[in-house]
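A quick write-up on the structure given underneath.
The values are calculated or read from the model by the stated rules, or taken from the named source; none is laboratory data. Everything quoted here is computed from the prediction, not taken from an experiment. Here the Cβ positions follow ideal geometry from the backbone for every residue, glycine too, while neighbour counts run over all protein chains shown.
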Amino acid sequence: MDYELSDAHRSLQAEMGRFCREEIAPGAALLDAATTEEAAALMKANLGKLARAGCLELALGDDPLAKCVAGEELARACPATFLTAMSSATAFGRAVRRFGTNGQRELYLPPLAAGERIGAFACTEAEAGSDLGGIAAAAEKREGCWVLNGEKDLVTNAPLADAFVVLAWTERSAGPEGGMTLFLVDRTAAGVRVGPAVETMGLRGAPTAALRLEDCVLGEDAVLGAAAGAGYNQVRLIAQEVDLALAAMSVGIGMACMEESTRRAKTRKAFGKPIGLFEGVGAKLAIMFTFTDLGRMMTWRAAWAEAQGEPDAAVLVSCAKLFTSEAATKIASLAMQVHGGHGYLKGTAAERLYRDARFAELAWGTSEMQRALIARDSLDRFRGA
Amino acid sequence: MDFSFTEEQRMFRDSVYRYAKEQLAPLSEEADLKGEFNFEIWRKLGEMGLLGLPVPERYGGAGADLVTCCLAGEAVGHAGVDGGHILAWGAHTYLCAANILQHGTEEQKEKYLPTLATGEWIGCMGLTEPGCGSDAAALTTTAVRKEDRYVLNGSKTFITNAPLSEVFIIFATLDRAKKHKGITAFIVERGFPGISTGKPMHKMGCRASTTSEVFLEDCEVPAENCLGGEGNGWLIALGGVEWDRSTIVAPFLGGHTFMLENCARHANQRWAFNRPIREFQSIQNRIADMKVYIEAARLAVYRIAASKDSGVALNPLTAAVNKMYLGDRGFEMASEGVDIFGGYGYIHEYPVERILRDAKLAQLGGGTSDIMRMIVARFMMM
């Protein structure tokens, strides 16, 4: 039993921390406030930097713990950059890496790792999110081709993306597990239309839009992994990776909140002493530390379980994502309280992090879905007397 | 990074769990109800080697590492043994025997550890006083050196095991002006003149453990029974509470696992509105939150144990985080456990009401949650 990071992971953490502090963090406030075009240019520049630092390659790789350690540092510096990089490399990239044919991998992954092309994952629709079986998008086979129709909503990275993974029905009668397929769709394909970027509450540097597919004609080689009907399970497996990544993001946001708050608690004085020396503020710092610290351990524990192939890995990922995302919201709220009125001003880190933190609880596996999954696991174990 | 237990540790845990479930748990429900310490449970804990778990074999113990100690505590809690007997075990082994092991002279170890390790003698530690708990440095029990002995005067309260103890670790001050630097620890035997204990108190939870005041009236302690040297008592006390914040809380983790299993079973079996209540999301949410709590608490507990075993000095931050989280969230979760059982949760026949009462102690004993937050905040403000 050893709760310490290996030397390799520890030096990754230090390297990544330094890189993100110097190269990524300075642009975080601008990304949040910039207009769409400016933000897009800045985000693309950030992806280029991440690619040169080897981060996107790392995200495509097979070391869950390394991804969490690095992801925390990136999210700590700029949660929006984390979300765009993660949506491209983990949601899109890992789907291609894990399930794609050799040809699909060779086509999509090298430019993605180089930061030259950006990916997006299009699953959610206006009327279906957690309930994947409720989507309406469908592809029909016509003369050896697939004709895809549907409208995807809330697609992170859509305004920037060069390629999408799109979930659609291919055989409704087979039900979700067997009747759904993931397609690789290039932005330039006929019938692909990206809607205008929508305004989000937080993570504003990671642009989001709807994706409309109108009689989009795709070849057989657009079926991810040449596995028609495997889409539902592929999404489930990728969602587990994304949920773990969102746990790491939440830990990073918690760290940033804690650092901002500690700095504030030391420098701001009231009634003749730094406010952090008052018990009420000190207790908030302590709670921020506790939940960040335990959240990080849970995230690492889940990552380790994935690396070991433990049968409990999926439940541990759910526990980590649920714990850390709810903790991040709580921590960000405490951070704002420690900052007082100044934290309520547009443009302050506390205000930005407060908005950014809120995302993870409702993204991908929502807290409600995680609780349902975790509970089912425990309840099923004790069905008998 | 490696979160796994060794094969040996897992086997030991499993055997302790089975033993406790078969031999101890059946006796503990009645003991809790009556608020009576059960000597058969105590004897059986001793027979299993649990009372001297961290004590080296040459002093009659098992020489177990910290992770193993935590596993044993978790296993006994998991088996459904009440918090009272577990608390008695914790105070005896980790607050009394482990302190003598860590700070005692060779003579002291040889004299006290073998009888403590078997449980023949019961031990306790007296730090808290009627006028000071968290602010332990404000203690007023005095010790005065007179020739070949010390004379102790004062009183202690809330001392777990005191009514049954043969061996007391008593903290007293040689010079109140020196504040914490005057505090010194002494090994006091029940047979020494001038020591007496009060009537066992009726407690909210952990009821089967005995708790009382300790009175020291011109209590004479031989000079060689000073533990760890004059003026070092404060550091010993701090070291002791660090046990409180790790090993002693491990059984709560097991107790909550026991609770989760009971709740999950009940939710499968109890029907309402033509379906098992497990199908209601409000029930599922509580089960899920318990599971998340148990996973987080497990990491917090074993991180401390693993770090102590690897020879790293205990990080007071992680110890405080552990104690605060296990205590505060553990109490909330125990309350949710009662909710799942509804009216049945409120009666003694089902174990969840006992777990709720027992869980409260983890927020109070060995440094309150308020103090844990102050410790963490102080580090952050440095």
- Residue set A:Ala210, A:Ala136, A:Ala206; condition modelled with pLDDT of 95 or more, among the aliphatic types (A, V, I, L, M) and either part of a helix (DSSP H, G or I) or in contact with a Lys or Arg (Cβ under 9 Å, 6 or more places away or on another chain) (or both); output residue A:Ala210
- Condition test on B:Thr211, is it β-branched (Val, Ile, Thr), surrounded by 22 or more Cβ atoms within 10 Å (Cβ to Cβ) and either assigned by TED's automatic domain parsing to the domain that holds B:Leu87 or within 19 Å of B:Trp42 (Cβ to Cβ) (or both)? yes
- Which residues, counting only those in region A:268-286, are outside any strand (DSSP E or B) and either more than 7 Å from every other protein chain (Cβ to nearest Cβ) or acidic (Asp, Glu) (or both)? A:Arg268, A:Phe271, A:Gly272, A:Ile275, A:Phe278, A:Glu279, A:Gly280, A:Val281, A:Lys284
- So which residues in region A:345-362 are crowded, with 20+ Cβ neighbours inside 10 Å and free of Cβ contacts under 8 Å to residues at least 12 places away in the same chain, if there are any at all? none
- Here the residues within region B:361-382 that are surrounded by 19 or more Cβ atoms within 10 Å (Cβ to Cβ) and assigned to a loop (DSSP other than H, G, I, E, B) are B:Gly365, B:Gly366, B:Gly367
- Query: What is the residue count in region B:343-381 for residues that are farther than 30 Å from A:Lys284 by Cα, out of contact with any Phe, Trp or Tyr (no Cβ under 9 Å at 6 or more places or on another chain) and in contact (Cβ under 8 Å) with a residue 24 or more places away in the chain?
  - Reply: 2
- Among residues of region A:32-46, those that are closer than 30 Å to A:His9 by Cα, hydrophobic (A, V, I, L, M, F, W, C) and in contact with a helix residue (DSSP H, G or I) (Cβ under 6 Å, 6 or more places away or on another chain), counted: 2
- Item | Pair list, Cβ under 6 Å, 6 or more apart: region B:81-110 residue assigned by TED's automatic domain parsing to the domain that holds B:Leu24, other residue among the aromatic types (Phe, Trp, Tyr) | B:Tyr94/B:Trp243; B:Ile100/B:Tyr112; B:Lys109/B:Tyr59
- Residue among A:Ala163, A:Ala128 that alone is assigned by TED's automatic domain parsing to the domain that holds A:Leu224, buried (at least 21 other Cβ atoms within 10 Å of the Cβ) and in contact with a helix residue (DSSP H, G or I) (Cβ under 7 Å, 6 or more places away or on another chain): A:Ala163
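Quick check: anything in region A:326-333 over 18 Å from A:Ile374 (Cα atoms), at the interface with chain B (Cβ under 10 Å from one of its Cβ atoms) and in a helix (DSSP H, G or I)?
Of the residues in region A:326-333, the ones over 18 Å from A:Ile374 (Cα atoms) are A:328-333.
If we keep only those that are at the interface with chain B (Cβ under 10 Å from one of its Cβ atoms) as well, we get none.
No, the conditions are met nowhere in region A:326-333.
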- Task: Kindly check whether there is at least one residue in region A:34-55 that is crowded, with 16+ Cβ neighbours inside 10 Å, free of Cβ contacts under 8 Å to residues at least 60 places away in the same chain and more than 19 Å from A:Gly252 (Cβ to Cβ).
- Result: no
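Table: residues versus (1) outside the structural domain of A:Leu244 (by TED's automatic domain parsing); (2) within 23 Å of A:Gly71 (Cβ to Cβ); (3) part of a helix (DSSP H, G or I).
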position	(1), (2), (3)
A:Arg296	no, yes, yes
A:Glu310	no, yes, no
A:Leu322	no, yes, yes
A:Gly343	no, no, yes
A:Arg352	no, yes, yes
A:Ile374	no, yes, yes
A:Asp377	no, no, yes
- Task: Within region B:211-228, count every residue that is among the acidic types (Asp, Glu) and in contact with a Ser or Thr (Cβ under 9 Å, 6 or more places away or on another chain).
- Result: 3
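With the structure loaded, tell me whether B:Leu326 is in contact (Cβ under 8 Å) with a residue 60 or more places away in the chain, more than 7 Å from chain A (Cβ to nearest Cβ) and either within 30 Å of B:Asn268 (Cα to Cα) or assigned to a loop (DSSP other than H, G, I, E, B) (or both) or whether it fails that test.
Details: in contact (Cβ under 8 Å) with a residue 60 or more places away in the chain: yes; more than 7 Å from chain A (Cβ to nearest Cβ): yes; either within 30 Å of B:Asn268 (Cα to Cα) or assigned to a loop (DSSP other than H, G, I, E, B) (or both): yes.
Taking the combined requirement at face value, the residue satisfies it.
Considering only residues that are outside any strand (DSSP E or B) and under 26 Å from the mean Cα position of the chain (by Cα), which ones fall in region B:137-180?
Residues satisfying the conditions are B:Ala137, B:Ala138, B:Leu139, B:Thr140, B:Thr141, B:Asn161, B:Ala162, B:Pro163, B:Leu164, B:Ser165, B:Glu166, B:His180.
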- Could you check, for region B:330-351, whether at least one of its residues is away from chain A (no Cβ under 11 Å), at negative phi, hydrophobic (A, V, I, L, M, F, W, C) and under 17 Å from the mean Cα position of the chain (by Cα)? yes
- Output the residues belonging to region B:292-309 that are more than 14 Å from A:Ala302 (Cα to Cα) and within 7 Å of chain A (Cβ to nearest Cβ). B:Ala300, B:Tyr302, B:Arg303, B:Ala306, B:Ser307
- Unique match (being crowded, with 24+ Cβ neighbours inside 10 Å and either touching a helix residue (DSSP H, G or I) at 6+ places or on another chain (Cβ under 6 Å) or outside the structural domain of B:Ala75 (by TED's automatic domain parsing) (or both)) among B:Gly343, B:Gly330: B:Gly330
- Message: Just to be sure I understand the filter: pairs with C-beta atoms under 8 Å, separated by 6 or more residues or on different chains, first member in region A:76-93 and farther than 18 Å from A:Leu167 by Cβ, second member polar (S, T, N, Q). Which pairs pass?
- Response: A:Cys78/A:Asn46; A:Thr81/A:Asn46; A:Leu83/A:Thr156; A:Thr84/A:Asn46; A:Thr84/A:Thr156; A:Thr84/A:Asn157; A:Ala85/A:Asn46
- Message: A:Ala265 - would you say it is over 25 Å from A:Phe359 (Cα atoms), facing chain B (nearest Cβ under 7 Å), free of Cβ contacts under 8 Å to residues at least 40 places away in the same chain and assigned to a helix (DSSP H, G or I)?
- Response: no
- Note on the structure: Looking across region A:294-316 at residues that are more than 10 Å from every other protein chain (Cβ to nearest Cβ) and either under 16 Å from B:Ile294 (Cβ atoms) or not aliphatic (A, V, I, L, M) (or both), the single one that is surrounded by the most Cβ atoms within 10 Å (Cβ to Cβ) is A:Thr299
- Go through (1) outside the structural domain of A:Ser333 (by TED's automatic domain parsing); (2) within 18 Å of A:Gly100 (Cβ to Cβ) and name the single condition A:Ala190 misses. (2)
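For (1) more than 27 Å from A:Ala77 (Cα to Cα); (2) more than 10 Å from every other protein chain (Cβ to nearest Cβ), each residue gets a yes or a no:
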| residue | (1), (2) |
| --- | --- |
| A:Ala222 | yes, yes |
| A:Gly229 | yes, yes |
| A:Ser250 | no, yes |
| A:Ile253 | no, yes |
| A:Met258 | no, no |
